[in-house]
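The values are calculated or read from the model by the stated rules, or taken from the named source; none is laboratory data. Everything numeric in this text was worked out from a predicted model, so none of it was measured. Neighbour counts run over all protein chains shown; Cβ positions are idealised from the backbone, glycine included. Only protein heavy atoms, including side chains, enter the accessible area calculation; ligands, DNA and RNA are left aside. Shrake-Rupley method; radii C 1.70, N 1.55, O 1.52, S 1.80 Å.
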Amino acid sequence: SEKTRADRIDRLADGSVEVLVIGGGIVGAGIARDAAMRGLRVGLVEQCDFASGTSSRTSRLLHGGLRYLAQGRLKLVYQASHEKRILHRIASHLADPLPFLFPTYRGTEWPLWKMRIGVKLYDLLCGGQNLGPSSGLGRDATLGLLPGLAEKSLTGAVRYFDGLTNDARLTLDTLRSAVGHGAVAVNYCRVEEVVPGASGWIGHVRDLSSSGTGFQPVPDGLESRPTSGRVFQVRSRSVVNATGPWGSRLPQSRLQLRLTKGVHLVLDRIRLPVPDAVVMTDEGRILFAIPWGERVILGTTDTDYDGPIEAVRTEPADVAYILDIANRCFPKAGLTPADVLSSWAGLRPLLADKRGGPSDISRAHSIAMGEPGWLDVAGGKLTTYRLIAEEAVDRLVAFLDVKAPRCATAQEPLLPSPDATRGSAIVPPEPSAELVEHYCTREWAVHLADVMIRRTSWHYYRKDRLELADRVAGWMAGTLGWEPARLAAEQARYREE
């Protein structure tokens, strides 16, 4: 594995590419896939693990955004609804139809009559081909589906459909597709600087996976990164800044972002046995209770964030807020912090807008070429990543002035069978040495946390995650040839992360 990683780095350092993508989240992965499918030479570098930032910390939904419909953002809802159906077609293994129940109450801004109209319009914006038909429910039918629901002033509910995915798996499978079409992608490689070159740009990149004296644990977070490690150059005719929350940090970037924090909690589903996803409201804000196998995901918060990007955390106040909303919606549940099995917190890299609260900021995306060959890409949402990539690569093809076929990412399956289901799952698969070997040899896992958190979600899902991590570490040691010191360091690193 170390040799194949070195070979990939050598391919980047010894040649030149037409597109250098900085950032291995969902947007960067989508751009790499689209560009490679059009025949462009593509390199992608990621400072941490693939999908380790925002792209593994979402609500795991493919959705048009019913809330955006209420805000009058019809174009965004139409785009996202269209993309939701495309992803269901090209990546059905990572796009399960998910019904949502939206209870309605007297005296609120979400009356039943308005919601009945809203979900029908929602279906129309999906081209009349949503993942399932919407419907209205009376009070008794609603309580029949959700017996623990708050009953005072309840008038009924609407039922509509969106999709459930695994965000990190979607990113990884998109990267697998990109590499299958010729792209070169490396994780744990930090761009130190990018400077103009004779025929474009030169990126100076440091390999953070190891140092000259052998392996050293590399905690996520730029401030604690070692300065040792091989530095190599990547020559490229164009550069795409797809670094998400880090987007404004690169010197050439023209981005201005407003970062907001989103927190999700994972509970045992027996504590909140919802049959479908449930919409929970709080003074205009929308939160969800999302069934996820034997678990349920609660979230998300939406608050401005000005702390260190590398150290986003779930705070006690975040937990209290989400549980308070859930207990108001399901007063008999009596949820407490002791019910929280795990949590994740991430940042939304929204386009800067000082007007209104975080939930009022548009989720639209921006693609701008501030300098010749330098493309800043920001904003958007998980559901629209393929569209963002298509528009970005269209810009690159025009700038590079090359003959390239039209975008085909909406037609070609993300991965051919059986690769589409090997290692990929919305609900975490059962652990096995064979599966872990696949993650290490075919999906670029370098550290124990890469497998436990991003390749599988075992960290969030399993109650025995610490004991399981020791088993997984042993399997990885056998596959990657770790010495005892490396094995111990990986176990410690995972617990710290």
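Data table
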| read-out | value |
| --- | --- |
| Dimensionless Rg ratio for the stretch 429-497, taking C-alpha atoms and the 2.2 N^0.38 Å reference | 0.97 |
| Förster radius 30 Å - calculated FRET efficiency between ASP464 and ALA6 (Cβ-Cβ, nearest 0.05) | 0.30 |
| Acute angle (nearest 10 degrees) that the helix 465-480 long axis makes with the longest principal axis of the chain, alpha-carbon atoms | 30 |
| Which of GLU490, GLU371 is most accessible, then next, and so on - probe 1.4 Å | GLU371, GLU490 |
| Percent of alpha-carbon pairs separated by more than 27 Å within the stretch 370-497 | 42 |
| Sites ALA398 and ALA311 - FRET efficiency at Förster radius 45 Å, r taken between beta-carbons, to 0.05 | 0.70 |
| Built amide H within the under 5 Å cut-off of THR303, gap 5+ | LYS261 |
| Residue pairs, from the table LYS75/LYS381; LYS75/LYS120; LYS152/LYS332; LYS261/LYS381; LYS84/LYS381; LYS84/LYS120, whose Cα atoms sit over 19 Å apart | none |
| Farthest positive-ward along the stretch 230-289 dipole, Cα basis, beta-carbon charges - from TRP246, PHE288, ALA277 | TRP246 |
| Local electrostatic count at LEU347 - Lys and Arg +1, Asp and Glu -1, tallied over other residues with Cβ under 9 Å | +3 |
| Student exercise, the chain dipole from Lys, Arg, Asp, Glu Cβ charges, in Debye to nearest 20 | 1100 |
| Translational diffusion coefficient (Stokes-Einstein; Kirkwood radius from C-alpha pairs) of the stretch 14-129 at 25 °C, 0.890 mPa s, in µm²/s | 145 |
| Leading residue at positive end of dipole, the chain (Cβ point charges), from SER209, LEU146, THR58 | LEU146 |
| Nearest 10 degrees, 0 to 90: helix 167-180 Cα axis against the chain principal axis | 40 |
| Backbone HN-Hα couplings from phi across the stretch 252-264 [Karplus 6.51/-1.76/1.60, Hz, Gly and Pro as x] | 7, 5, 9, 6, 10, 10, 10, 8, 10, 9, x, 10, 10 |
| Anchor LYS403: aspartates and glutamates whose Cα lies under 17 Å away (excluding residues fewer than 8 positions away in-chain) | GLU18, ASP34, GLU390, GLU391, ASP394 |
| For VAL263, net neighbour charge (Lys/Arg +1, Asp/Glu -1) across residues whose Cβ lies under 11 Å away | 0 |
| Reciprocal of mean inverse Cα separation for the stretch 316-428 (Kirkwood radius, Å) | 18.8 |
| Cross-link partners of LYS463 among aspartates and glutamates (Cα-Cα below 16 Å; sequence separation of 8 or more within a chain) | ASP268, GLU294, ASP339, GLU430 |
| Rounded accessible area of GLU2 (nearest 10 Å², 1.4 Å probe) | 100 |
| Mean separation of Cα contacts under 8 Å, 6 or more apart, over the residue count of the stretch 98-164: relative contact order % | 52 |
| Sparsely packed trypsin sites (Lys or Arg not before Pro) within the stretch 40-142, loop by DSSP, other Cβ within 10 Å at most 12 | ARG106 |
| Angle in degrees between helix 433-442 and the longest Cα principal axis of the chain, rounded to the nearest 10 | 60 |
| The stretch 1-53 versus the stretch 76-93: alpha-carbon centroid distance in Å | 25 |
| Whole-number Å³ per residue for the convex hull built on Cα positions in the stretch 457-497 | 65 |
| Placed amide H near TRP292: partners under 5 Å, 5+ positions off or other chain | ILE297 |
| When the convex hull of its Cα atoms is projected in every direction, mean area for the chain (nm²) | 22.0 |
| Surface accessible to a 1.4 Å probe, LEU351 within the full protein complex, Å² | 50 |
| The stretch 250-349: trypsin sites (Lys or Arg not before Pro) falling in loop per DSSP and having at most 16 other Cβ within 10 Å | ARG254, ARG313, LYS332 |
| Charge context of TYR494, other residues only, Cβ under 10 angstrom, K/R +1, D/E -1 | -2 |
